[in-house]
1. Longer than 27 Å from Cα to Cα, which of Lys14/Lys64; Lys13/Lys61; Lys11/Lys54 are they? Say none if no pair is.
2. Net charge around Val59, counting only other residues with Cβ within less than 14 Å of its Cβ (Lys, Arg = +1; Asp, Glu = -1)?
3. May I ask you to compute the full-extension gain from Glu72 to Phe32, defined as 0.36 nm times their residue separation minus their alpha-carbon distance, rounded to one decimal in nm?
4. Just read off the accessible area of Leu60 with the full protein assembly in place, 1.4 Å probe, to the nearest 10 Å².
5. What would the Debye formula give as log10 I(q)/I(0) at q = 0.11, 0.27 Å⁻¹ for the alpha-carbon point model of the stretch 9-80, no solvent?
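The values are calculated or read from the model by the stated rules, or taken from the named source; none is laboratory data. Please read all numbers here as calculations on a predicted model, not as lab measurements. Cβ placement follows ideal geometry from the backbone for every residue including glycine, while neighbour counts extend to all protein chains displayed. Note: accessible area is taken over every heavy atom of the protein model, side chains too, but ligands, DNA and RNA are not part of it. Shrake-Rupley method; radii C 1.70, N 1.55, O 1.52, S 1.80 Å.
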Amino acid sequence: MVFTVEGIYMKKKKAEALMQRLVQNEISRPEFEALLGGLEDSEMLSGMEESMRKHFEKVLKDYKNDKSENFEKHQTSKLK
């Protein structure tokens, strides 16, 4: 079996696209089946892991920003 850099890159991009559709609740059944099939492919799995890590880092960052903004608003209202 021969692996090319382009082939690995394309598998990772496909995995990222499928994961994005999944977290946005826009994934079709055939796409979901392709995503599940990708769990057996190390390159696809790598792309899925990277995509999920990015997604959860963004969610955590947004949460921390919202929490910080709400804390600052609360502190400002206490001073009035």
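1. Details: Lys14/Lys64 30 Å; Lys13/Lys61 23 Å; Lys11/Lys54 17 Å.
Over 27 Å Cα-Cα: Lys14/Lys64.
2. On the way: positive: Arg53, Lys54, Lys58, Lys61, Lys64, Lys67; negative: Glu57, Asp62, Asp66.
Every neighbour counted, the sum reads +3.
3. On the way: separation 40, 0.36 × 40 = 14.40 nm, distance 4.15 nm.
Value of the extension gain: 10.3 nm.
4. 90 Å²
5. Debye curve over Cα of the stretch 9-80, log10 I(q)/I(0) at q = 0.11, 0.27 Å⁻¹: -0.41, -1.12.
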